[in-house]
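One structure is given here, and the rest of the page talks about it.
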Amino acid sequence: MMVLPRATVADDSAGSEANTAEDDAVELTLDEAVRLAAERSNEVRIGGLRLEKAASELAAARARRGPTVTVQSSGSALSNPPEGINIAKGAFGYAPTYQSAAPVAVPDQEYVLVADAEHT
């Protein structure tokens, strides 16, 4: 059991001037003294607030550590797509050959380098 001076413990009878020296002391158990110190100590309050702040920061950090997902997309369409690239038979003229007296078309068939685009 602990004995504290009345000045450190709030009491309704503190205003009485007829108190003796024995009346100026209050008996407290250790648990009561610790509870009073915790209730009245600014350092304990500040420590509690710091603990709450640290817990909040930890929760925020844990929320940020998960994976993040980013999605992007784009698209386009041509209303008048360009025509493909074709080389027509004989586009470069005709050339004589040693096998025939008639000239042969160069190229000898039509080539499609890029097909015509479809309208979308």
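The values are calculated or read from the model by the stated rules, or taken from the named source; none is laboratory data. The structure displayed is predicted, hence computed values, not measured ones. In this analysis, Cβ positions are derived from the backbone assuming ideal geometry, glycine residues included, and neighbour counts consider all displayed protein chains.
Quick notes
- Scanning the stretch 66-77 turns up one or more residues that are in contact (Cβ under 8 Å) with a residue 40 or more places away in the chain and either loosely packed, with under 10 Cβ neighbours inside 10 Å or of a type in the set (F, W, Y) (or both).
- Remark: pairs (first residue in the stretch 95-116, under 28 Å from I85 (Cβ atoms) and among the aromatic types (F, W, Y); second residue at pLDDT 80 or above and in a loop (DSSP other than H, G, I, E, B); Cβ separation under 6 Å; 6+ apart in sequence or on different chains) are absent.
- Qualifying residues in the stretch 45-71 (those that are of a type outside the set (S, T, N, Q) and assigned to a loop (DSSP other than H, G, I, E, B)) - the one nearest to V34 (Cα to Cα): R65
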